[in-house]
Amino acid sequence: MSTSSVSSSAVLLETREVAKSYPGARALAGVSIELKAGEIRGLIGPNGAGKTTLVSIIAGMERPDAGEVTLAGRRVQQFSPLTAAALGVAVVPQYPDLFPSLSVLDNLFVGSWPRRVGVLDWGKMWRRAGEALDRLGTTIPLSAPLGSLTLADQQMVQVARALLHDARIFIFDEPTTPLTSSEADRLFAIIRDLSAAGKAVIYITHRLPELFGLAHRITLLRDGSVVATVNTDETREDELVRLMAGDARAEAARPRRDWATGDVVLGVRNLRVEGQREPVSFDVRRGEVLGLTGLAGSGAEQVARAMAGALSYEGELVIDGRPHRPRTVQAAQAAGIYLLPSDRQGEGLFLGLSVRENLTVTALRWLCGGAGWVDTMRERAVTRDYVSKLGVKLTSIEQPVETLSGGNQQKVVLARSLAAQPRVLVSLDPTQGVDVAARAEIHRLLRELSAQGVGIIVVAGEAAELRCLCDRVLVMHRGCLVADLPAEEADEEAILRHAGGVGEEVARSSAPEALAPSRRHVPWPRELTLAVFLLALSAVVGLLNPNFLSPDNLRDVASNASHVLVAALSMTAVIITGNIDISVGSGLGLCAAVGAGLAVSGWPLGAVLVVTVAVGCLLGLVNSAAVVGLRLPSIIVTLGTLNVFRGVLLHTTGGKWITGLPPSFRVVALGRVLGVPVGVLIAAGAALALALVLRYTAWGRCLYLWGDNPRSARRLGVKGSIVVTSVLVLMGCSLALAAVMFAARFSAVQSNAGLGFEMLVITCAVVGGANIFGGRGTVLGTVLGALLVTVIGNALTLLQLSAYWDKAVQGALVLAAVSADVLGRRRRSA
Amino acid sequence: MSGLRALASNREAVLFALLIGALAVAALASPSFLQVNNLLEIGRLIAEAGLIAVGMTAVIITAGIDLSVGATLALCAVILGKSWHDAGMSIWTASAVGVVAGGLAGGFNGLLVTRLGLPPLIVTLATMALYRGLALGLSHAEPVHGYPDSFLLLGQGYWQLGPVALPVQFPLVALVIIVSGLYLSRSVWGRWLYALGRNEAAARIAGVPVDALKMAAYVGTGLLTGLAAVIYVARVSTAKADAGTMMELDVITACVLGGVSIAGGEGSIWGTALGLMLLAVVRRGMDLRQVGNAEQAIVVGTVLVLAVAAHSAWSRATQAARLGKAGARAGSAE
């Protein structure tokens, strides 16, 4: 780990005077760093120092306002994730952002698949992936869905992916946050190997001890500037802590408290949330501002949320000497505990509603007379009262809340809790994203509240803020309460030291968590369940009525399934992208009428097919134009076109049946090749074709990428508009084919042809495992789904049960399938 | 700033203008259109859709949707018919059973949405098939008719007020609309419903009983659909499993026309009522011009898509106007 061996290597990354500002904040003020091959560089700094912005610029996710970035000797002109990746930059984020529904193998190669004669070369992928994982010394199963792996293994997949893409600059963004210590050790070993292989590594962390023994040099950022770059072996942890804390100490000294703290207003007893190592216990006293802090993953925020009933936990709370176990937010509020969330857009504000509506939402309970009618006079009075108490700057209490500044928005959220007369206020990062003046004011308000006897708990990541605001600071580290600092000891240095686990042994090889086997849920394949169910059902029906298993009946079942399957296959593709098309029933009727009409007027089969498919394609284009062009949800669009298409059908046919289809046309359904109905052959061909396309073409893989994780897919250059348009047009075309097969089976086409067909098709796909949230679905599953649905229909008839129940069975099947999906997902994430 | 707020409430004014315009066009096309009794007759025709639209408005405000209402109506109608005809209940007990069945159907939707966290679209798409299938299976697609006259009055009778013949169901629908409109805008639960639709996570943190509200919206829709089924059976004198086919389209279109946002958190019963009237005038106008069902389906389907598109474009525009560029970026993120 000598610095000299690195210093002679080539420079892989250089940033020169890179600057970046966001509205209202300067994130980077001219940062220059240089990174050589084989170097491991630690990047540290307090929250808001600009670490993430710097890394985003290097990885091409942000464009700098000024300055330049040189990667591997080439100045970066175009800032995009694709360009950065092409120049050898790979980011391993804290939490994986790849495609959880897809296999490990898929994830390793998405976006740049090796190909042979134009099709994806899975053999090569399998070999190269195996080699890459061997190099990392892991035994992750390549066929497992990424989402079923532990977070550590998912990170390993990201590293392997970067290796496979010949990355030369690796950026690790707080990678150990979700890892156990043995997993972290394994990661450190891999990072050292990368360095030995001549890769450059940027390692961002808040946990200073990790850097010793790992990083060659450490760069410290603060307020968007490089404060220092030091050689690791020439520095000590406490020196770094001091540098990080900086001269913030000179800033506003904490005003002396001039009231006495009183009784315990809230006692926390052995509280433990899932994933937390040790239960925590502490007291909040009347008139005290209690700080609770820790790095991301330390559990501080979870403890706070649990106290307010927003997260499930074990243990209990003692309020005014009586034990309570509020399990819901409402129960916690009834006990007087209110949560003030930090993410205003996500959990705080109701954008689009007025300041008044935002402010009184919690207090409404008390602002109503009998029968739950809101007393609007009182509501306005209360709103005005708190607006003036907190000094919210606004023109009217009826103005939409998003028109206020960040600081005033935060005051509205604070006022919401205050209007409910809290006994304890749990405040998460109360000054996140507000300016200096608003911040001082919010601090003042919190202290005033505490003086009035409200117990205040502030969860904050910034040590300086805690020092200014709190009377006592509790520090958590990796799920344990590690320090209880009284005001006079709670300075930045002490807080940072405890939060970062300084002084703690880094390598705890015998840590208890290392003993736990890593859980890997390999999901039971849906196809297998279906096949077993299908066989069992066939056996039962066959026993009850032997006719079921006669060749004629089986051929019937296959024929009945064939046109449904042709449409269901494309529906599967649509659902894989996270869309749905419920207009297919009307589309089927319309295409069938067109095909039958042409056939009756003597057109040859080939011409009929071409025209019908063109019509189907047009229907698909209409749907996609509305979905993509007008940016509307596909279900609403197709609910509309479902009626439009049906109307067009009725209008053109005048509600009359089209009869007298010529035998030359009906050969599509009635003809046989070697005893197999033509329709069955077409369906089998379509299934095979779609299976091959989904597996062996980039387009097929893109459907899965878009459905599974549109954000990451976009980053890899997948165009959503093209994916969605193509898949809806495919739906239209295969619908037309299905319509011809459908029309050919009967001698006439009725004007209500295809009514309810959409449900049949969606049932086949969803029962076959196509996931309505997108990203999952297989051809085999849909084939089995179509067979199952048809067999059930056939069985109802053969067993002389009413075929009227058919529809109910379809509905129940869909519900069972989607419930199984959701429950399976829940079990996996638990 | 408050000008924007005024503009938002102007949506109803715009709608009102559209309604007047549609009435004028209809009157020009067919002089008999503006006769009082013709207008009141429209009230009879929209009664069922109107009752359901009230519930649907609440459901859509929670950012949900209920595609199963047409099927629920059929199921309730069949259960009513079967309870009276086969189980020998009095017609009024049978009606109550029908309404309760609607509540249960809605409750089942609500349970799947709140307990399992399934998307309302797929849940109600499935129950749409399920309930229709149950209606078909229970009735074997056979209609039940021959109801007592006292019952049929509920759908076909009039209150004679001087020269004006008021359809019996008219006051009932008006009452439901007024009470629920007031409740939605003035009650605690109504206000919470909007908050929930705007931001479910924030609503949970603020202590809003999110799951109970959603449940109430679906159960309420089910009960109102059951009530609509009773009126429907009394109006057409028969209970049949194909009742209410494509009812969901008219109901959702009325809501969206009335300014209820598919994204949730926006809209009002008043808007829905106006949307409903607009849709009814258009349909009745087309009826009088002998425009067939086929063409009406094309018109209504297109109106639905265009209304949603106009609404989302309008929201994006006001959002952008409020927040400048930042808002436009956030709006286009998804």
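The values are calculated or read from the model by the stated rules, or taken from the named source; none is laboratory data. Just so you know, these numbers come straight off a predicted model, no measurement behind them. As a convention, Cβ positions derive from the backbone with ideal geometry for all residues, glycine included, and neighbour counts pool all protein chains shown.
Observations, loosely collected:
- Test: residue in the stretch A:617-631 that is at pLDDT 90 or above, over 41 Å from the mean Cα position of the chain (by Cα), assigned by TED's automatic domain parsing to the domain that holds A:Ala568 and closer than 25 Å to A:Ala669 by Cα: no
- B:Leu166 falls short on exactly one of the conditions (1) away from chain A (no Cβ under 14 Å); (2) touching a residue at least 60 places away in the same chain (Cβ under 8 Å); (3) part of a helix (DSSP H, G or I); (4) not aromatic (Phe, Trp, Tyr), and that condition is (3).
- Selection status of A:Gln78, surrounded by fewer than 16 Cβ atoms within 10 Å (Cβ to Cβ) and at pLDDT below 85: yes
- For the criterion of being within 11 Å of chain A (Cβ to nearest Cβ), modelled with pLDDT of 80 or more, at negative phi and in contact with a His (Cβ under 9 Å, 6 or more places away or on another chain), B:Glu266 passes.
- Selection of the stretch A:201-231 for residues being crowded, with 20+ Cβ neighbours inside 10 Å and farther than 22 Å from A:Pro64 by Cα yields A:Thr205, A:His206, A:Arg207, A:Leu208, A:Glu210, A:Leu211, A:Leu214, A:Ala215, A:His216, A:Arg217, A:Ile218.
- Some residue of the stretch A:735-749 being within 14 Å of chain B (Cβ to nearest Cβ) and crowded, with 23+ Cβ neighbours inside 10 Å: no
- Residue check, A:Ala516 at pLDDT below 80 and within 30 Å of the chain's Cα centre (by Cα): yes
- Within the stretch A:176-192, if we keep just the residues that are among the hydroxyl-bearing types (Ser, Thr, Tyr) and not in a helix (DSSP H, G or I), the residue that is farthest from the chain's Cα centre (by Cα) turns out to be A:Thr180.
- Residue match in the stretch B:127-139 (condition: touching a strand residue (DSSP E or B) at 6+ places or on another chain (Cβ under 8 Å) and either more than 30 Å from B:Glu41 (Cβ to Cβ) or in contact (Cβ under 8 Å) with a residue 12 or more places away in the chain (or both)): yes
- Looking across the stretch A:299-353 at every residue that is out of contact with any Pro (no Cβ under 8 Å at 6 or more places or on another chain) and assigned to a strand (DSSP E or B), the one that is nearest to the other protein chains (Cβ to nearest Cβ) is identified as A:Leu339.
- Within the stretch A:810-824, the set of residues being more than 7 Å from every other protein chain (Cβ to nearest Cβ) and crowded, with 18+ Cβ neighbours inside 10 Å comprises A:Leu813, A:Ala817, A:Asp821.
- Any hit, the stretch B:225-235, residues being charged (D, E, K, R), within 10 Å of chain A (Cβ to nearest Cβ) and in contact (Cβ under 8 Å) with a residue 60 or more places away in the chain: no
- First in the stretch B:33-55 and basic (Lys, Arg), second anywhere and not in a helix (DSSP H, G or I), Cβ under 8 Å, 6 or more apart: B:Arg44/B:Pro167
- Residue within the stretch B:236-246 that is surrounded by fewer than 24 Cβ atoms within 10 Å (Cβ to Cβ), away from chain A (no Cβ under 11 Å) and in a helix (DSSP H, G or I) present: yes
- In this structure, A:Arg305 qualifies as of a type in the set (Lys, Arg), surrounded by fewer than 24 Cβ atoms within 10 Å (Cβ to Cβ), touching a residue at least 24 places away in the same chain (Cβ under 8 Å) and over 13 Å from A:Pro422 (Cβ atoms).
Yes or no, residue by residue, for (1) charged (D, E, K, R); (2) over 16 Å from the mean Cα position of the chain (by Cα); (3) farther than 16 Å from B:Gly146 by Cβ:
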{"residue": "B:Leu67", "(1), (2), (3)": "no, no, yes"}
{"residue": "B:Ala77", "(1), (2), (3)": "no, yes, no"}
{"residue": "B:Ala94", "(1), (2), (3)": "no, yes, no"}
{"residue": "B:Phe108", "(1), (2), (3)": "no, yes, yes"}
{"residue": "B:Leu118", "(1), (2), (3)": "no, yes, yes"}
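- Hits in the stretch A:619-667 (condition: within 30 Å of A:Gly578 (Cβ to Cβ), within 14 Å of another protein chain (Cβ to nearest Cβ), part of a helix (DSSP H, G or I) and not aliphatic (A, V, I, L, M)): A:Asn623, A:Ser624, A:Gly629, A:Ser634, A:Thr638, A:Gly640, A:Thr641, A:Asn643, A:Phe645, A:Arg646, A:Gly647
- Out of A:Ile772, A:Ile792, A:Ile762, sole residue that is in contact (Cβ under 8 Å) with a residue 60 or more places away in the chain, more than 23 Å from A:Val678 (Cβ to Cβ), out of contact with any Phe, Trp or Tyr (no Cβ under 8 Å at 6 or more places or on another chain) and surrounded by fewer than 22 Cβ atoms within 10 Å (Cβ to Cβ): A:Ile792
- A count restricted to the stretch A:655-674 and to residues that are more than 47 Å from the chain's Cα centre (by Cα) and in contact (Cβ under 8 Å) with a residue 24 or more places away in the chain stands at 13.
- Selection status of A:Gly793, under 20 Å from A:Ala539 (Cα atoms), touching an Asp or Glu at 6+ places or on another chain (Cβ under 8 Å) and within 14 Å of chain B (Cβ to nearest Cβ): yes
- Subset of the stretch B:284-323 [away from every other protein chain (no Cβ under 13 Å) and touching a residue at least 60 places away in the same chain (Cβ under 8 Å)]: B:Arg284, B:Gly285, B:Leu288, B:Arg289
- Taking the stretch A:354-387 as the range and being in contact with a strand residue (DSSP E or B) (Cβ under 7 Å, 6 or more places away or on another chain), buried (at least 17 other Cβ atoms within 10 Å of the Cβ) and assigned to a loop (DSSP other than H, G, I, E, B) as the test, only A:Leu367 passes.
- Test set (1) among the aliphatic types (A, V, I, L, M); (2) more than 30 Å from A:Thr376 (Cα to Cα); (3) more than 22 Å from the chain's Cα centre (by Cα) - B:Ala201 fails condition number: (2)
- Tallying residues that are crowded, with 18+ Cβ neighbours inside 10 Å and modelled with pLDDT of 90 or more within the stretch B:153-176 yields 2.
- Some residue of the stretch A:117-134 being part of a helix (DSSP H, G or I), surrounded by 17 or more Cβ atoms within 10 Å (Cβ to Cβ) and modelled with pLDDT under 85: no
- Applying the criterion of being within 7 Å of another protein chain (Cβ to nearest Cβ) and aliphatic (A, V, I, L, M) to the residues of the stretch A:354-413, the residue that is farthest from B:Gly197 (Cα to Cα) is A:Val374.
- When the helices (runs of 4 or more DSSP H) confined to the stretch A:668-784 are screened for residues that are under 13 Å from A:Thr577 (Cα atoms) and in contact with a helix residue (DSSP H, G or I) (Cβ under 6 Å, 6 or more places away or on another chain), those reaching at least 3 such residues are found at A:698-708, A:720-745.
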